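Presented below is the structure to which this report refers.
The values are calculated or read from the model by the stated rules, or taken from the named source; none is laboratory data. Quick caveat, the model's predicted, so the values are computed rather than measured. Cβ atoms come from the backbone with ideal geometry, glycine included; neighbour counts cover every protein chain shown.
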Amino acid sequence: MDHFHYRDNVYFAEDVSLEAIAEQVGTPCYVYSRATLERHWRAFDDAFDGYPHTICYAVKANANLAVLNLFARMGSGFDIVSGGELERVLRAGGDPARVVFSGVGKGRDEIERAIAVGIQCFNVESAAELERIESLAAAASRRVRIAVRINPDVDARTHPYISTGLKENKFGIPVDEAVDVYRRAAASAHLEVSGVACHIGSQLTGMAPFEDAFARVLAFVDRLAGAGIELDHLDLGGGLGVRYRDESPPLPRDYTRALVACLERHGCSLPVTIEPGRVICANAGVFLTRVEYLKAGAARRFAVVDGAMNDLLRPALYQAWQEIVPVTIDETLPAYDYDVVGPVCESADFLGKERHLAIAPSALLAVRSAGAYGHVMSSNYNARPRCAEVMVDGDAFHVVRERETFEQLVAGERLLPA
């Protein structure tokens, strides 16, 4: 459930008209609903029914400071994949002791900073990374907690760009090699073996891949126990899908029940960490854009809008479908099939194709399900400043990221000397 709806043919976020936001903030911009973000985070927290767990929000889905601060206030942990994301969590008031650091390419500076602030755990993705963490922990005279991310070779049945659990993917360590990595970590004076981690991909819409991965993780835990290596948690990643169009993904409670049932069948009672991101944020946000021109081509009609692929990349990168609705319904207008396209000089610059819309020039459109992997993936392509972000809270709204100016865009650039 989200908190976007029509009232008298005008689209609202909670109790604020999107027309009012566009008038005051301009377009394009992202609009998030606080009530939806809170509802979706609590849906996971409540779904465990008392089973020991930690929700570590996946920062890469939406890293706005206001969003992170909201989750920090709720007691969330955080899953990060870069030093920049760590700094965002800290700036937003997140507890570093509830931060898990994932990702295949952690740099020296990033690891040193994470050790210095005392993060909860590194999810290690290669033997070489383990060696680097151990060396830097020794240099800092610290003992740091690690989990090894195993690659279970499970087909997530999702887009190949967001599949992470197959043997041909760059993520994790093959199961047959991981036991030796654990042995090395257990023998180190500067490493503390804490858990095992696994993440098989994003936007999963069925439970079978999850259950397959859970079973393989638990079988691996048994192998570790046979080698005398005990754990204090299981990190089972994220990846639960959302409804963009006609998908029917499991609900958080379906997911947690299957997870806990798998643990109980196996006789395992280890605390669980999960790392949802998209499923919390996607349907908590919309992308607002205004029609600049309506154009009739030889084969198609185009609605040329002020938002572009640099603002919302998912349709161009993943051929993703997101619902596009008019902010104001005008029943006097004829409806046509439009390709909703932006001003960037690329044929890939589209937000949606063949959308049946009754619109006029200057009409406002809302691209739904844009709260995850929207602004975080935006760029300055075609020298376009990045757009604003807005958070709605009941009957009020707040600009939580100002629209970038051209001066900010070029602030770090220099001309060659004469």
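Residues in the stretch 187-223 that are within 21 Å of the chain's Cα centre (by Cα), small (Gly, Ala, Ser) and farther than 22 Å from ALA320 by Cα: ALA197, ALA213. For SER141, the conditions (1) surrounded by fewer than 19 Cβ atoms within 10 Å (Cβ to Cβ); (2) within 21 Å of the chain's Cα centre (by Cα) are fulfilled apart from (2). Take the conditions (1) modelled with pLDDT under 95; (2) surrounded by fewer than 20 Cβ atoms within 10 Å (Cβ to Cβ); VAL154 misses just one of them, which is (2).
Checked against (1) in contact (Cβ under 8 Å) with a residue 40 or more places away in the chain; (2) surrounded by fewer than 20 Cβ atoms within 10 Å (Cβ to Cβ); (3) more than 21 Å from VAL400 (Cβ to Cβ); (4) in contact with a strand residue (DSSP E or B) (Cβ under 6 Å, 6 or more places away or on another chain), ASP49 meets all criteria but (4).
Can you name the residue in the stretch 322-348 that is touching a helix residue (DSSP H, G or I) at 6+ places or on another chain (Cβ under 8 Å) and more than 21 Å from ARG245 (Cβ to Cβ) and is also surrounded by the fewest Cβ atoms within 10 Å (Cβ to Cβ) among such residues? Across the stretch 322-348, the extreme among qualifying residues is CYS345. ASN382 passes every criterion in (1) assigned to a loop (DSSP other than H, G, I, E, B); (2) among the polar types (S, T, N, Q); (3) farther than 22 Å from GLN24 by Cβ apart from (1). Just one of the listed residues (GLU85, GLU14, GLU110, GLU23) is in the same structural domain as VAL325 (by TED's automatic domain parsing) and surrounded by 15 or more Cβ atoms within 10 Å (Cβ to Cβ), and it is GLU14.
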